[in-house]
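Just below is one structure, and these are the notes that go with it.
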Amino acid sequence: MNVLVLNGPNLGRLGTREPSVYGSTTHDDLVRLCVETGKELGLDVEVRQTDHEGEMVGWLHEAADAGVPVVLNAGAWTHYSIAVRDAAAQLSAPLIELHISNVHRREEFRHHSVLSDIATGVLAGFGVDGYRLALRWLAGNQG
Ligand code: DQA
């Protein structure tokens with residue numbers, strides 16, 4: 001099964017970005033971790049990152065058309081982007097909303113997500129291990 005892991009704004013700066021919140025794993029490390037975890041689980045995982053909302057919307061359309069499940073860390077868009085929500089709402093396969101940090105222990109504006117009520121499930125606060133957890137769940141719940 002193909003799986004898309006889509007990371008939104010500022011996640012390309014993992015490793016140097018606020019390491020006390022997001023850890024020291026770089027985005028390149030994260031790509032390797034996801035692809036290798038996918039191989040162990042029999043999944044074909046592709047990881048993408050963008051700082052451009054329109055590009056993310058396009059990738060979600062692509063996933064919707066292909067019927068591919070998505071692990072989505074929409075970063076700050078999580079909290080306000082109706083465009084990303086509307087694109088994600090078109091997915092027919094599972095959508096996992098993921099956050100590296102526990103957004104509920106952080107600033108009030110991070111407590112609200114425009115994605116959670118359309119997501120199959122939400123993972124937050126497990127660091128980059130959350131990506132492994134999401135892939136493991138997808139591998140065990142293939143349509
Ligand atoms: C994040 C949490 C968001 O609030 C933040 O804007 C991010 C990353 C996380 O992975 O913890 O960019 O989605």
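Please treat every number below as a calculation from the coordinates, not as lab data. As the structure is a computational prediction, the values presented were derived from the model and not from experiment. Cβ placement follows ideal geometry from the backbone for every residue including glycine, while neighbour counts extend to all protein chains displayed.
Hey, among Glu97, Glu46, Glu62, Glu36, which residue is away from the ligand (no atom under 16 Å from the Cβ), in a strand (DSSP E or B) and closer than 20 Å to Leu135 by Cβ?
Glu46
Test of understanding: among Leu91, Leu133, Leu138, which residue is more than 20 Å from Gly12 (Cβ to Cβ) and touching a Pro at 6+ places or on another chain (Cβ under 6 Å)?
Leu138
Would you tally the residues in segment 113-125 being in contact with a helix residue (DSSP H, G or I) (Cβ under 6 Å, 6 or more places away or on another chain) and of a type outside the set (Val, Ile, Thr)?
Qualifying residue count, segment 113-125: 4.
Being in contact with a Lys or Arg (Cβ under 6 Å, 6 or more places away or on another chain) and either near the ligand (Cβ under 8 Å from one of its atoms) or among the charged types (D, E, K, R) (or both) narrows it down to one residue among Val114, Val103; which is it?
Matching residue, one of Val114, Val103: Val103.
Determine whether segment 72-88 contains at least one residue that is surrounded by fewer than 18 Cβ atoms within 10 Å (Cβ to Cβ), under 14 Å from the mean Cα position of the chain (by Cα) and not in a helix (DSSP H, G or I).
Taking every residue of segment 72-88 in turn, none turns out to be surrounded by fewer than 18 Cβ atoms within 10 Å (Cβ to Cβ), under 14 Å from the mean Cα position of the chain (by Cα) and not in a helix (DSSP H, G or I).
Between residues in segment 110-133 that are farther than 23 Å from His27 by Cα and residues that are among the aromatic types (Phe, Trp, Tyr) and not in a helix (DSSP H, G or I), which pairs lie under 8 Å by C-beta distance while being six or more apart or on different chains?
Matching pairs, first to second residue: Val114/Tyr80.
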